[in-house]
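The values are calculated or read from the model by the stated rules, or taken from the named source; none is laboratory data. Worth saying up front: this structure is predicted, and the values here are computed from it rather than measured. Virtual Cβ from ideal backbone geometry, glycine too; neighbours counted across all protein chains shown.
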Amino acid sequence: MVKNKSRRAAEIEHPSGDPRFNLVDRTLKRFQYQQDALIEVLHTAQEVFGFLEDDLLIYVARQLKLPLSWVYGVATFYHFFSLKPQGEHTCTVCMGTACYVKQAAEIVAMLQAEFGVAPGQTTADDKLSVATARCLGSCGLAPVIVIDSDVLGRQTADSTLAEIKARLSGQIRARQLEAASANDEVEEMEAETL
Ligand code: FES
């Protein structure tokens, strides 16, 4: 029975390739795709993504075979779920046991000291939101953080600070655009040689 469920999940795997969906999948699997695990799954989804965007609610509804209207209703009923993005950038620090013993609390303390925001808060300029999560399911990479759409393992307060500063200054975005344009050039060259 579980085998069938796994096969079903693989068939409707999220096509975006966004690694954050893998973390949601782990919670789905942990609860064996049971529909009454909806709130737990939404909790994980919000911890990982920062808020519950439409695409995410659709994914959860499909994986649990629940009507989207039901999932949407639950997400809007509970005040601790947010359907809108908070800051321009989001940093979620895992505070599960494995990450905690590997100094995840130092990362949270650094965020508070550097940016003046505690978990659950957004900077006054709406640039950065900070959150904490329970185990994100990647304990081997502890301590784990999720910045925007990237899951980063073995982080320190210093590496997290450097990563956030790069994003706030636009360096990461510039690097992503450069990589995307390099990919386009390679694809064009490959198409020309065919
Ligand atoms: S405790 Fe952080 S990923 Fe498991």
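Side notes on the structure shown:
- Answer from V48, V117 - the residue that is within 24 Å of S159 (Cβ to Cβ), touching a strand residue (DSSP E or B) at 6+ places or on another chain (Cβ under 6 Å) and not assigned by TED's automatic domain parsing to the domain that holds Q34: V117
- Close pairs from the stretch 64-92: first under 27 Å from M110 (Cα atoms), partner assigned to a loop (DSSP other than H, G, I, E, B) and of a type in the set (D, E), Cβ under 7 Å, at least 6 apart: G87/D126; E88/D126; H89/D148; T90/D148
- When the residues of the stretch 52-82 are filtered to those that are charged (D, E, K, R) and part of a loop (DSSP other than H, G, I, E, B), the one that is surrounded by the most Cβ atoms within 10 Å (Cβ to Cβ) is E53.
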